[in-house]
Amino acid sequence: MNGVIVVDIQGDFTQLMSGSLAVPGTGLDYLNKINKAIDRIRSLGIPLWASQDWHPANHISFFTNHPGKKAFDLINLQGKNQILWPPHCVQGTPGAELLIEPASFQAVIQKGRDYRFDSYSAFQDDGGQETELDGLLKKQGIRTLIIFGIATDYCVRFSALDGLARGYKIRVIKSLCRGVDPVTSAEALKEIESKGTVILEDLDEFLNAGSKV
Ligand code: VGL
Ligand code: ZN
């Protein structure tokens, strides 16, 4: 069974909404493409899930919560590099809202809710706390995950890696993804491909293959 994960289509990540962490290439054309793809997938009866970055205001990934630091500084957190972001997707604020219709999805998976840990992956946070996603997918017999959204080099990348680690076949639709940085985005696609992800140019490439790719 196929399932689709639409990653973090939220105002703060888009140029369309002048987001605090606006990713290049996320104007109206992109949003129209995303919404068309979602409608097409729905019309084919393929179930979709959405992820939503959903941080408390005191979240550890915000540079504003680290005196003397600025946006995009790197700090060491429990032995790992952590990028300090501009505050984004704060729970209940307009920038955190999804720009896609929640009713199109089986469930919306909120992540990054624990102020102590970042959570690029829709499956688990950096503290190892699982979201409900894996259980929901398993309950519906999903074995192949089609993933697209924002950002290629962060949430798409880590959701793909964690999906692979949980035994799913992963297909990422490149033309429906946008990255923070072109270099790290290209590296991310190479990395997930080398671990078994199939990178597809567009949704047609998936659907035309009878969803068999
Ligand atoms: C993301 C940076 C910080 C993402 C989330 O959705 O890719 N990136 N939080
Ligand atoms: Zn975040």
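Looking only at residues in the stretch 1-43 that are more than 15 Å from ligand 1 (Cβ to nearest atom) and of a type in the set (G, A, S), which one is nearest to A71 (Cα to Cα)?
First pass over the stretch 1-43, keeping only residues more than 15 Å from ligand 1 (Cβ to nearest atom): 1-4, 16, 18, 27-29, 31-33, 35-43.
Okay, now just the ones that are also of a type in the set (G, A, S), so 3, 18, 27, 37, 43.
Numbers: G3: 35, S18: 17, G27: 22, A37: 33, S43: 41 Å.
So, considering only residues that are more than 15 Å from ligand 1 (Cβ to nearest atom) and of a type in the set (G, A, S), the one nearest to A71 (Cα to Cα) is S18.
Would you please list the contacts, defined by Cβ atoms under 8 Å and residues six or more apart or on different chains, that run from a residue in the stretch 7-18 that is free of Cβ contacts under 8 Å to residues at least 60 places away in the same chain to a residue that is more than 9 Å from ligand 2 (Cβ to nearest atom) and part of a loop (DSSP other than H, G, I, E, B)?
Taking only residues 6 or more apart or on different chains, the pairs are Q15/A22; Q15/V23; Q15/P24; Q15/G25; Q15/T26; Q15/G27.
Please note which helices (runs of 4 or more DSSP H) are completely contained in the stretch 111-207 and include at least 3 residues that are in contact (Cβ under 8 Å) with a residue 60 or more places away in the chain and more than 25 Å from I60 (Cβ to Cβ). Break it down stepwise before answering.
Working: elements: 133-139, 157-165, 182-194, 203-207.
Helices (runs of 4 or more DSSP H) meeting the threshold: 203-207.
Considering only the stretch 114-152, state which residues are farther than 25 Å from E97 by Cβ and either β-branched (V, I, T) or within 16 Å of ligand 2 (Cβ to nearest atom) (or both).
Result: G127, I142, T144.
Mind listing whichever residues of the stretch 45-101 are within 11 Å of ligand 1 (Cβ to nearest atom), under 30 Å from Q140 (Cβ atoms) and either among the polar types (S, T, N, Q) or in a loop (DSSP other than H, G, I, E, B) (or both)?
S51, Q52, W54, C89
Return a yes/no flag: does the stretch 67-76 have any residue that is of a type in the set (A, V, I, L, M) and free of Cβ contacts under 8 Å to residues at least 12 places away in the same chain. Spell out how you get there, then give the answer.
Of the stretch 67-76, the ones of a type in the set (A, V, I, L, M) are 71, 74-75.
Narrowing further to those that are free of Cβ contacts under 8 Å to residues at least 12 places away in the same chain: 74-75.
Taking every residue of the stretch 67-76 in turn, at least one turns out to be of a type in the set (A, V, I, L, M) and free of Cβ contacts under 8 Å to residues at least 12 places away in the same chain.
Each reported figure results from applying straightforward, stated rules to the coordinates on display, with no laboratory input. Since the structure is predicted, the reported quantities are computational estimates derived from the model, not experimental observations. We place every Cβ from the backbone using ideal geometry, glycine too, and count neighbours over all the protein chains shown.
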